[in-house]
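Each remark here refers to the structure printed beneath this line.
The values are calculated or read from the model by the stated rules, or taken from the named source; none is laboratory data. Predicted model, so just to flag it, every value in this text is computed and none were measured. When we count neighbours, we look across all protein chains shown, and the Cβ atoms used for this are built from the backbone with ideal geometry, even at glycine.
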Amino acid sequence: MSLTASLLVILLLVATSAFFSIAEISMAAARRLKLRQLADEGDSRAERVLQVQTHPGHYVAVVQIGLNAVAILGGIVGEGALTPHFEALFGLMMPAPAAATTGFVVSFLCITSFFILFADLCPKRLGMNQPEQMAMRVIGPMQVCMTVLKPVVWVFNSLVNGVFSLLGLPVQRDDSVTTDDIMAMAAAGTEAGVLGHQGQQVISNVFELETRTVESAMTSRERIVYLLQDDSEETIRTRIAAEPHSTYLVCDEKIDEVVGYVDATDLFQLVLNNEPIDLRASHSHGLLKKVLMVPDRLTLSEVLLQFRQVHEDFAVIVNEYSLVVGVITLNDVMSTVMGDLVKSHDEEQIVRRDDGSWLIDGVTPIVDVMRACDIDELPLRSQYDTLAGFLMVMLRRIPRRTDTVTLAGLRFEVLDVDSYKIDQVMVTRIPVATAPAAS
């Protein structure tokens, strides 16, 4: 074979190897969500790529057969085509045995470098940069190759399946999308500038609805503004004027004896019509409404479901002893999802100070504390929902002012306690090397 013919054969082999390299890397890197979107838009090639990703055995076998066959042929043709010419060239400068060896080494290096550059690195980078487009372009020719090589592919796949069965390995890949996968995609989108930081935080908060209990978003017992059935009209007017809310809990003698709730709009309607406000007689007038009672162990996702089922947006949270521990509204749940997008500066429970420390309210949900302070894990996580609960579990008693807990390179110091209620906690980062595991 002449030098020109050999070079043409080498170029053909390089192009063939480049094709199989693109087919291999693009199929592995193509994103199913993107392909599904393209398939839904009517692109049949995307649908075929999705089918191959579901059952990739035949496709991978064809790719490997092609790559290995081309590599072997490239070595044979390249060595036979270039070695004699290099040997003759070096024969002018050194003895024949040395020229033969040198010619073979230089020929090997040239052919190998050419294949690495144009048959491997360049096509694979192209396949990684545009995986969906490249996978759809090569899927037609690849399916032709799969049809032609079907008998050979069947033999190799049978052998591979047998080996995998003996080793107890899965034959097909798991394409299920997990929460971690979506969060990783959101983080990647934020880094790429496609998704804003606040958008990423909203996505994270939505998934937290499945794990955060209602106690992390409720209005706690001591902050509930409620009315008694026997309250006079003057008392009701004064309380509403002093602490305006959209909904008021109505109780009989004490907060744990809940009888219902009233909407502020209904009360205002009575005032505008110069009608008396009588909570005792409100049953017959439709003023007092039946309240939704939910246990304190429900998640925010579960309470959202109950809101939808009973068409309510207000619920009272009770513990296992039927004592009221708080109230929660649909707005509270949505505020948890939206985070800083809807919270005003006055509502901030976590304040970052100039010295790098944090001033945190004791009732702040522990997940918000972990996020703000970059904490991955805390001990006994299932036993508390707030920062105050975390300190109680760690200290095994009611915290007092100046009590501290040192954990994960952070120092939690209680600054203010009001009637056993932890108001303010200072969190300071300390060198990890000098920080004990807990105190």
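Sort out which residues of the range 28-55 are of a type in the set (A, V, I, L, M) and farther than 16 Å from Asp120 by Cβ, and write them in order of number. Steps first, answer last, please.
Of the range 28-55, the ones of a type in the set (A, V, I, L, M) are 28-30, 33, 35, 38-39, 46, 49-50, 52.
Matches in the range 28-55: Ala30, Leu33, Leu35, Leu38, Ala39, Ala46, Val49, Leu50, Val52.
Okay, residues lined up against (1) modelled with pLDDT under 90; (2) among the basic types (Lys, Arg); (3) not assigned by TED's automatic domain parsing to the domain that holds Tyr226; (4) not in a helix (DSSP H, G or I):
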| position | (1), (2), (3), (4) |
| --- | --- |
| Met293 | no, no, no, yes |
| Leu305 | no, no, no, no |
| Glu312 | yes, no, no, yes |
| Ile317 | no, no, no, yes |
| Val325 | no, no, no, yes |
| Ile328 | no, no, no, yes |
Consider Thr336 carefully, then state whether it is in contact with a strand residue (DSSP E or B) (Cβ under 7 Å, 6 or more places away or on another chain) and under 30 Å from Asp263 (Cβ atoms).
no
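Restricting to the range 235-256, name every residue that is surrounded by 13 or more Cβ atoms within 10 Å (Cβ to Cβ) and either without any contact (Cβ under 8 Å) to a residue 24 or more places away in the chain or β-branched (Val, Ile, Thr) (or both).
Taking the range 235-256 first, the residues surrounded by 13 or more Cβ atoms within 10 Å (Cβ to Cβ) are 235-237, 239-240, 245, 247-252, 255-256.
Within the range 235-256, Thr235, Ile236, Arg239, Ile240, His245, Thr247, Tyr248, Val250, Ile255 meet the criteria.
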Looking at the range 58-70, I want the residues that are modelled with pLDDT under 85 and have a partner that is surrounded by fewer than 20 Cβ atoms within 10 Å (Cβ to Cβ) with Cβ atoms under 6 Å, at least 6 apart or on another chain. Which pairs are those?
His58/Met146; Val70/Thr16
What do you reckon, is Val138 outside the structural domain of Ala264 (by TED's automatic domain parsing), part of a helix (DSSP H, G or I) and free of Cβ contacts under 8 Å to residues at least 60 places away in the same chain?
no
Using beta carbons and a limit of 6 Å, which pairs, at least six apart or on different chains, have the first residue in the range 189-202 and within 11 Å of Met338 (Cα to Cα) and outside the structural domain of Met334 (by TED's automatic domain parsing) and the second one modelled with pLDDT of 75 or more and loosely packed, with under 15 Cβ neighbours inside 10 Å?
none
Identify all residues within the range 193-245 that are in contact with an Asp or Glu (Cβ under 7 Å, 6 or more places away or on another chain) and among the small types (Gly, Ala, Ser); write none if there are none.
Ser216, Ala217
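Given the residues Ala29, Ala46, which is the only one that is of a type outside the set (S, T, N, Q) and surrounded by fewer than 18 Cβ atoms within 10 Å (Cβ to Cβ)?
Details: Ala46 fails: surrounded by fewer than 18 Cβ atoms within 10 Å (Cβ to Cβ).
Result: Ala29 is the single residue among Ala29, Ala46 that is of a type outside the set (S, T, N, Q) and surrounded by fewer than 18 Cβ atoms within 10 Å (Cβ to Cβ).
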Across the range 389-416, what is the total count of residues that are outside any loop (DSSP other than H, G, I, E, B), buried (at least 19 other Cβ atoms within 10 Å of the Cβ) and over 32 Å from the mean Cα position of the chain (by Cα)?
1
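Looking at Leu227, Leu292, Leu270, Leu305 in this structure, which one is surrounded by 15 or more Cβ atoms within 10 Å (Cβ to Cβ) and closer than 18 Å to Val214 by Cβ?
Numbers: Leu227 fails: closer than 18 Å to Val214 by Cβ; Leu270 fails: closer than 18 Å to Val214 by Cβ; Leu305 fails: surrounded by 15 or more Cβ atoms within 10 Å (Cβ to Cβ).
Testing whether each residue is surrounded by 15 or more Cβ atoms within 10 Å (Cβ to Cβ) and closer than 18 Å to Val214 by Cβ leaves just Leu292.
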Any hit, the range 190-203, residues being assigned to a loop (DSSP other than H, G, I, E, B), surrounded by 13 or more Cβ atoms within 10 Å (Cβ to Cβ) and touching a Ser or Thr at 6+ places or on another chain (Cβ under 8 Å)
no
